[in-house]
Each structure stands twice: as C-alpha cells, then as structure tokens.
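First comes the structure, then the notes that go with it.
The values are calculated or read from the model by the stated rules, or taken from the named source; none is laboratory data. Worth saying up front: this structure is predicted, and the values here are computed from it rather than measured. Ideal geometry is used to build each Cβ from the backbone, glycine not excepted, and the neighbour counts take in all protein chains shown. The area values use the complete protein model at the heavy-atom level, side chains included, leaving out ligands, DNA and RNA. Shrake-Rupley method; radii C 1.70, N 1.55, O 1.52, S 1.80 Å.
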Amino acid sequence: MGDSRVVVYPSNSSSSKYVKLNVGGTLHYTTIGTLTKHDNMLRAMFSGRMEVLTDSEGWILIDRCGKHFGLVLSFLRDGSIALPESRREDLLEILTEAKYYCIQQLVDQCEQALKKSKDEYVPVCRVPLITSAKEEQHIISTCRKPVVKLSCNRHNNKYSYTSHSDDNILRNIELFDKLSLRFSERILFIKDVLVSNEICLWSFFGNAQKIIDVDCTSIVYGQDKKHTKVEFPEARIYEETLNSLLYENRDSLPDSELMKATMSLGIDGNDRDERERVERGVDRLRRK
C-alpha cells in the first residue's frame, strides 16, 4: 500500500467521522465514536494520546491478527457480544486480543465463558437408548456416521436358554460397550432394549440404509423341548463393524471393489493384533 508514516490523530475529531483500519491485512471501516466509546487502547489511539501508523492511502495500520477484530468492534458498539461456545481455542484468541486492546469488560466476559466451558462435563461417548421405532428411524436417517445397533431383549424368550446363552448375552453387551468407546468418534452406536422383540441382534447401517444383520439367536431342539441358543460371533461382529467404516463420510454407497476387498478379510476375534491389522487394512482401502 505504499510508504507508511506516523501521525497523531486530532483529539477534537468528530465522533461521527469514519476511519479506515487495516488490522493484520483485514480491512475495517468504523467511526471515531465507536473506537473511543470505552476507555481502552483504541480510545488512546484516536484521541491524540498515542501515535498511529498510516499508509499512503490513509489506512491506519494495526499490527495484530485481524481474525477477531470485527468481534472487538461489535463489542465496542454494543457493550456485549455472543461468544463462540464450541471452540475453546477461539475464546482464548479473543481473550488475548481483548487484553491487548485493554478492553476489560470483554476480558471479563471471555474469562467467564472459559470458566464455564472448563466446568462443563462433556461425555466421551454417548449411546442413545431407542424408545420407539420412529425415534430409531429418525436417528439413522439423519446421522452422517455409520450406525451400529444392538437389540437385546433377553426376556422375550418362549423357551429355556441353553447352558452358555446367558454368558453369551453378556459377552455381546460387553463387546458393544467396548466398540462404542473405541469407535465413538466415527460410528454412532445405539441400543434397543424396549422396542424390538429380538433377543440378541446386531444391525449395521450406512447412508441411512441397513447393511446387514448379525443374529446371535437360534432355536435348537433337545430331547423333549425346544431351547433358545445365544451365540457370541465376536469375529463376525468385528468384521461388520470395520465394514461399516466404508460408509464413513460418504454421500453414496461404497463401490463394489471396496466391499469385496473388505468382505474377504477374515479375523480371529481373540487375536488383538490381527484385529488391528484388519483395521489398518480397511483404512488403507478407504483412502484409495
């Protein structure tokens, strides 16, 4: 913008006069009245108490990041602003700028917001509990992540359970809990213990469509009566969970080549290293 020069702004400048500000490359146009409304460094700059740097085109140069300067101006105009609550980093950046410009009221507001965000507890993992078929449909259709659902209604059983069925139901529930913690940022896990009549059924969804069911329940015949058998197909559940990651951040179905490659991967549910190897393989496939 040409040569710069140092000037002192007249103390008797009209409050309605507009000035041009270049803050770290971002340009702002505001009035003397806004800049001198509160007792801060900007008032000192535009009331003759401090020297200011201008370029040949009349832009007043302020050597600061201009990312939040518009927000600073809004605070000077209105006396308060709505601070961003989603990112703590933004609050810290705004606090730094407020301290630089000596705007104590904005400093206080930022510090209060930071304290509030620190005190609030944000769960690492949330697992919705389905209460109706309508609610389930809404969650699956609006979720951008793949969805894994465990339907578990162990009391909906007409027959007696086989010897290991109770233990296997618990193993399925424990695996669901472990997977939901491990993949909570990439997959939405939901649980149904009220709506479905299924005793133990895993369902996998992607792009609001069902991919596959893994039914852990079957009817077996004893010498005199039927029994309900619940199995724990750990390797199959791991495999389908990894397959569902193919639907992550996709607006369309995975291509057949990816699906075929992933479906061909076999894993041993008891081999942790093998499961991690398969997971790395799925991630490589997704990046192709």
Can you find a residue in the range 107-122 that is open to solvent by 30 Å² or more (accessible area, probe 1.4 Å), part of a loop (DSSP other than H, G, I, E, B) and among the hydrophobic types (A, V, I, L, M, F, W, C)? yes
Do you know which residues across the range 170-220 are out of contact with any strand residue (DSSP E or B) (no Cβ under 6 Å at 6 or more places or on another chain) and hydroxyl-bearing (Ser, Thr, Tyr)? Ser184
Those residues of the range 181-197 which are buried (at least 20 other Cβ atoms within 10 Å of the Cβ) and over 14 Å from Ile139 (Cβ atoms), in sequence order: Phe183
Does Cys65 qualify as being of a type in the set (A, V, I, L, M, F, W, C), part of a loop (DSSP other than H, G, I, E, B) and modelled with pLDDT of 90 or more? yes
Output yes when any residue across the range 137-151 is closer than 16 Å to Cys200 by Cβ, open to solvent by 60 Å² or more (accessible area, probe 1.4 Å) and not in a helix (DSSP H, G or I), and no when none is. no
If Arg64 passes every condition in (1) out of contact with any Cys (no Cβ under 7 Å at 6 or more places or on another chain); (2) open to solvent by less than 40 Å² (accessible area, probe 1.4 Å); (3) under 29 Å from Lys115 (Cα atoms) but one, which one does it miss? (2)
Kindly indicate which of Arg49, Arg43 is in a helix (DSSP H, G or I) and charged (D, E, K, R). Arg43
